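The values are calculated or read from the model by the stated rules, or taken from the named source; none is laboratory data. Please read all numbers here as calculations on a predicted model, not as lab measurements. Positions of Cβ are generated from backbone atoms using ideal geometry, with glycine treated the same way; all protein chains shown enter the neighbour counts.
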Amino acid sequence: MPVDAERLSASTRQASWVRRLPKAEVHLHLEGCVPPAAVGLDDPARAGVTFDPGTGAPRFRDLAEFLGFLDRACALVTEGTQLEHIAYEITRRAASNGVGHTDVIFNPTHWPAWRTDLDGFVERLDHGFEAGEADHGVTTALCLSLTRTQPAADSAALVDWLLEARPDRVVGLSVDGNEAAAGRTGQRFAPLFTRARSAGLHTCAHAGESSGPEGVRDAVELLHVERVDHGIRAVEDPALVAKLAAEAVPLDVCPTSNVRLGVVSSLAAHPVEQLRAAGVRVSLNTDDPLLFGSSVVGEYVQCARTFGWDRSILGAVARVSIESSFATRERRRELLCDLDDHLGLAR
Ligand code: ADE
Ligand code: ZN
């Protein structure tokens, strides 16, 4: 076989193995699953951003411009059927990437049409996820996310709603948005995370994306999160890296997102390998797949190619994704059994 064809078939085999690798996705924003074309934002004049002529994907200068785009896109989702469709499609894409469980972050501040009907918002998503689970066998949990830059009273009102309504589908509390614009907010959010944890909710927080290592430290030491979303700038503080490794705090890393938003200059320059090699538990995720053109399989395959990851490393990353997910204990056990089968390991 010619060398090029041989290389192609090896990479096809690799992608097929990765697709079948049982895994979870634990860092996925509902806001990044609104198809731009479905809300008319595939038109540059309306979208307010440029588009890549090659891939047709929108381009963002930075996180601030990206978050503004999310506001515009989500404001155009006014019908329950749109939410059902978005939720269903999340499960369909998950299944086609071999993802058996997804934790989906939703941030009500991006969705003005639903601000006074959060119960209805979650109910419509729930319908879509239920139909998707029936058709594709993918389980889904929701995490309500606060915004770093929002007034304290608004975040408190969202936590009040969550603890009163307590929809079954919502199992966690999170915080996202622009830490660079908000400054250091760990102290402000800490009481809300304590309330959520006391009520039996899971917790995670964006940190170390638009903030430096101090943001990651605050997420761990002040918010006491189970998982850090991104967390990659922890790499700038060796003592913090050692702490994350020693305390087994998982980072849900989104390499393509970090490249697309200019957090790192290229995948080759991404610190995920340095963190992993230092013993930090990392999973791979898409963040906002319909805006970055990312897929879970793509993240695994590109990291394998860039960092020389073999199957045992890819299997370990998949294991972190399942173990750090907010799926029920029974579902995590099922997926871990599937993973061991795939890797040829006896339980
Ligand atoms: N919301 C959606 N994607 C995000 C990201 N990458 N960082 C912060 N907030 C977000
Ligand atoms: Zn994110």
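Structural remarks
- Out of Arg19, Arg7, sole residue that is at pLDDT below 90, of a type in the set (Lys, Arg) and either in contact with an Asp or Glu (Cβ under 6 Å, 6 or more places away or on another chain) or over 30 Å from Asp119 (Cβ atoms) (or both): Arg7
Yes/no matrix, rows are residues, columns are (1) crowded, with 20+ Cβ neighbours inside 10 Å; (2) at pLDDT below 95; (3) within 16 Å of ligand 1 (Cβ to nearest atom):
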residue: Gly100; (1), (2), (3): yes, no, no
residue: Val122; (1), (2), (3): yes, no, no
residue: Glu130; (1), (2), (3): no, no, no
residue: Ala157; (1), (2), (3): no, no, no
residue: Cys204; (1), (2), (3): yes, no, yes
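- Considering the stretch 138-157, the residues that are in a helix (DSSP H, G or I) and not charged (D, E, K, R) include one that is nearest to the chain's Cα centre (by Cα), namely Ser155.
- Within the stretch 274-301, the residues that satisfy the criterion of being within 11 Å of the chain's Cα centre (by Cα) and touching a residue at least 40 places away in the same chain (Cβ under 8 Å) are Ser283, Asn285, Thr286, Asp287, Asp288, Pro289, Val296.
- In the stretch 219-232, residue surrounded by the fewest Cβ atoms within 10 Å (Cβ to Cβ) [restricted to those that are assigned to a helix (DSSP H, G or I) and within 15 Å of ligand 1 (Cβ to nearest atom)]: Ile232
- The lone criterion from (1) more than 16 Å from ligand 1 (Cβ to nearest atom); (2) closer than 25 Å to Arg148 by Cα left unmet by Arg59 is number (1).
- Hey, Thr50 in contact with a strand residue (DSSP E or B) (Cβ under 6 Å, 6 or more places away or on another chain), within 28 Å of Gly137 (Cα to Cα) and of a type in the set (Ser, Thr, Tyr) or not: no
- Qualifying position, being under 24 Å from Ser325 (Cβ atoms), aliphatic (A, V, I, L, M), within 16 Å of ligand 2 (Cβ to nearest atom) and assigned to a helix (DSSP H, G or I), among Ile90, Ile105: Ile90
Residues checked against (1) away from ligand 1 (no atom under 15 Å from the Cβ); (2) crowded, with 23+ Cβ neighbours inside 10 Å; (3) at pLDDT 95 or above; (4) not in a loop (DSSP other than H, G, I, E, B):
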{"position": "Glu209", "(1), (2), (3), (4)": "no, yes, yes, no"}
{"position": "Arg217", "(1), (2), (3), (4)": "yes, no, yes, yes"}
{"position": "Ala234", "(1), (2), (3), (4)": "yes, yes, yes, yes"}
{"position": "Val241", "(1), (2), (3), (4)": "yes, no, yes, yes"}
{"position": "Val249", "(1), (2), (3), (4)": "yes, no, yes, no"}
{"position": "Gly262", "(1), (2), (3), (4)": "no, no, yes, no"}
{"position": "Arg276", "(1), (2), (3), (4)": "yes, no, yes, yes"}
{"position": "Tyr300", "(1), (2), (3), (4)": "yes, yes, yes, yes"}
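- Qualifying residue in the stretch 158-175 (condition: closer than 30 Å to Asp338 by Cβ, in a loop (DSSP other than H, G, I, E, B), more than 16 Å from ligand 2 (Cβ to nearest atom) and aliphatic (A, V, I, L, M)): no
- Lone unmet requirement of (1) surrounded by 23 or more Cβ atoms within 10 Å (Cβ to Cβ); (2) out of contact with any helix residue (DSSP H, G or I) (no Cβ under 7 Å at 6 or more places or on another chain); (3) of a type in the set (Asp, Glu) for Asp341: (1)
- Evaluation of Gly183 against (1) surrounded by fewer than 24 Cβ atoms within 10 Å (Cβ to Cβ); (2) under 29 Å from Glu123 (Cα atoms) (one fails), failing number: (2)
- Meets criteria (among the acidic types (Asp, Glu), in contact with a Cys (Cβ under 6 Å, 6 or more places away or on another chain) and in contact (Cβ under 8 Å) with a residue 40 or more places away in the chain) for Asp338: no
- Residue satisfying condition, being among the hydrophobic types (A, V, I, L, M, F, W, C) and touching a residue at least 60 places away in the same chain (Cβ under 8 Å), within set Ala157, Ala141: Ala141
- Residue within the stretch 189-201 that is in contact (Cβ under 8 Å) with a residue 12 or more places away in the chain, crowded, with 22+ Cβ neighbours inside 10 Å and either closer than 22 Å to Leu67 by Cα or within 15 Å of ligand 2 (Cβ to nearest atom) (or both) present: yes
- Checking the stretch 236-249 against the condition returns no match, with no residue being within 17 Å of the chain's Cα centre (by Cα), free of Cβ contacts under 8 Å to residues at least 40 places away in the same chain and within 16 Å of ligand 2 (Cβ to nearest atom).
- Considered as a group, the residues in the stretch 160-180 that are within 18 Å of Asp287 (Cα to Cα) and in contact (Cβ under 8 Å) with a residue 40 or more places away in the chain include one that is surrounded by the fewest Cβ atoms within 10 Å (Cβ to Cβ), and that residue is Asn178.
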